[in-house]
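Contents: one structure, followed by commentary.
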Amino acid sequence: MPSNPSLSRPTDRARVEARLRKMVERWPRVSGCLLQPDPTIVEGILQALVRSTMQHGLGYCPCRDLTGDPVVDRANICPCAHHAQEIAAQGHCRCQLFVSAAYDPAIAYRPEPATIQQRPLRSVRHRWVTVYTTHWCYLSRRTKALLDTLGIPYEDVNIEQDPEAAQRVEAWNGGFRSVPTVVARMVITEPTTSELATVLQTPSALLDALCVNVTQWCALSRRTLAWLRENGVPHVSVDIEQDPEAARRVSEWNRGYQSVPTLDLTLRITEPTSDELVRMLGLGMPR
């Protein structure tokens with residue numbers, strides 16, 4: 001999401017917040033829509049508008065990407081040019097700051113169902129999932145709801161309450177606080193090539209780290225390493241017969257067995273679709 005050309009940026013945050021708060025409270029009265037009924041969500045979106053104004057000079061909707069063209073992006077200044085049509089069609093604007101009388105949070109925050117076949121890959125032995133979120137973000141809520149439905153435990157990190165986490169998200173996303181950002185560390189043992197492709201070639205997912213624990217004589221280890229090389233997947237390999245600590249980890253992950261290859265990998269994805277999340281976590285394969 002590239003930045004717009006520099007505009008005059010205000011310096012008085014309190015004044016900006018007061019102006020935007022007045023706009024948010026007044027707009028339903030003059031437009032005929034309603035304000036989001038959850039005051040904590042309203043406050044979260046309001047603070048995002050304040051940050052946008054302090055950074056860009058204008059309060060852009062936090063749920064829309066900027067193009068860098070100020071003429072085009074003007075449509076995204078809250079209340080955005082799209083909100084009336086969205087409210088009429090689905091009962092709320094994209095960020096769900098403004099809603100209609102028919103608004104139902106249970107429906108609005110319901111995740112879109114995954115369309116790929118949901119069948120957990122047998123090779124995935126462990127998952128540790130962290131979801132970087134904000135309380136008010138509708139995509140964050142839908143992603144967590146999907147994980148709850150799938151029975152996947154996760155750590156929920158609210159970046160507005162954790163400055164270091166916010167900095168990590170900004171570093172990962174070109175300076176923007178794009179959420180949800182999902183980070184998954186997984187252990188995958190003796191995968192087939194189709195299972196490798198399912199997880200490692202998930203659209204939009206980025207590979208942060210991959211260590212392949214092998215033995216020199218194991219045919220499946222050699223086949224896995226060959227597939228990774230042929231598909232340009234960066235990795236390091238460790239011979240567990242030469243590394244006692246690696247052998248210990250592999251045994252711990254595989255119920256006492258030194259099963260190889262065992263892959264220790266970390267993937268990251270921002271604003272995933274349901275299909276992308278299911279695929280990246282090894283919970284289903286594309287048809």
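The values are calculated or read from the model by the stated rules, or taken from the named source; none is laboratory data. Owing to the predicted nature of the structure, the values given are computational and were not obtained by experimental measurement. Every residue, glycine as well, gets a Cβ built from its backbone with ideal geometry; the counts of neighbours run over all protein chains shown.
If you scan segment 32-57, which residues turn out to be surrounded by fewer than 18 Cβ atoms within 10 Å (Cβ to Cβ) and either out of contact with any helix residue (DSSP H, G or I) (no Cβ under 7 Å at 6 or more places or on another chain) or assigned to a loop (DSSP other than H, G, I, E, B) (or both)?
32, 37, 38, 39, 40, 43, 47, 51, 55, 57 - these are the residues of segment 32-57 that are surrounded by fewer than 18 Cβ atoms within 10 Å (Cβ to Cβ) and either out of contact with any helix residue (DSSP H, G or I) (no Cβ under 7 Å at 6 or more places or on another chain) or assigned to a loop (DSSP other than H, G, I, E, B) (or both).
Any residue in segment 113-128 that is of a type outside the set (Gly, Ala, Ser) and within 30 Å of residue 28 (Cα to Cα)?
Looking for residues that are of a type outside the set (Gly, Ala, Ser) and within 30 Å of residue 28 (Cα to Cα), one finds none in segment 113-128, hence no.
One line per residue, one yes/no per condition, for (1) touching a helix residue (DSSP H, G or I) at 6+ places or on another chain (Cβ under 9 Å); (2) at pLDDT below 95:
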residue	(1), (2)
231	yes, no
239	yes, no
252	no, no
256	no, no
262	yes, no
267	yes, no
271	yes, no
279	yes, no
285	yes, yes
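Table: residues versus (1) more than 28 Å from residue 172 (Cβ to Cβ); (2) among the β-branched types (Val, Ile, Thr).
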| site | (1), (2) |
| --- | --- |
| 217 | yes, no |
| 235 | no, no |
| 250 | yes, yes |
| 253 | no, no |
| 263 | no, no |
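Please specify each residue of segment 37-58 satisfying the condition of being touching a strand residue (DSSP E or B) at 6+ places or on another chain (Cβ under 6 Å) and under 19 Å from residue 136 (Cα atoms).
Correct list: 52 only.
Taking the condition of being modelled with pLDDT of 95 or more and either in contact with an Asp or Glu (Cβ under 9 Å, 6 or more places away or on another chain) or not hydroxyl-bearing (Ser, Thr, Tyr) (or both), how many residues in segment 112-140 meet it?
Residues meeting the conditions: 20.
This table checks each residue for (1) touching a residue at least 24 places away in the same chain (Cβ under 8 Å); (2) farther than 24 Å from residue 179 by Cβ.
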{"position": "8", "(1), (2)": "yes, yes"}
{"position": "24", "(1), (2)": "yes, no"}
{"position": "46", "(1), (2)": "yes, no"}
{"position": "50", "(1), (2)": "yes, no"}
{"position": "63", "(1), (2)": "yes, no"}
{"position": "68", "(1), (2)": "yes, no"}
{"position": "76", "(1), (2)": "no, no"}
{"position": "81", "(1), (2)": "no, no"}
{"position": "98", "(1), (2)": "yes, no"}
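Test residue 177 against the stated conditions and say whether it is closer than 24 Å to residue 209 by Cα, in contact (Cβ under 8 Å) with a residue 40 or more places away in the chain and outside the structural domain of residue 63 (by TED's automatic domain parsing).
On the way: closer than 24 Å to residue 209 by Cα: yes; in contact (Cβ under 8 Å) with a residue 40 or more places away in the chain: yes; outside the structural domain of residue 63 (by TED's automatic domain parsing): yes.
In short, yes.
Which members of segment 117-141 meet the condition of being over 30 Å from residue 255 (Cα atoms) and touching a residue at least 40 places away in the same chain (Cβ under 8 Å)?
132, 133, 134, 135, 136, 137, 138, 139, 140
Condition (residue is under 20 Å from residue 159 (Cβ atoms), of a type in the set (S, T, N, Q) and at pLDDT 95 or above) applied to segment 58-81: is it met by at least one residue?
Residues of segment 58-81 that are under 20 Å from residue 159 (Cβ atoms), as a first pass: 59-66.
Subset that is of a type in the set (S, T, N, Q): none.
Scanning segment 58-81 turns up no residue that is under 20 Å from residue 159 (Cβ atoms), of a type in the set (S, T, N, Q) and at pLDDT 95 or above.
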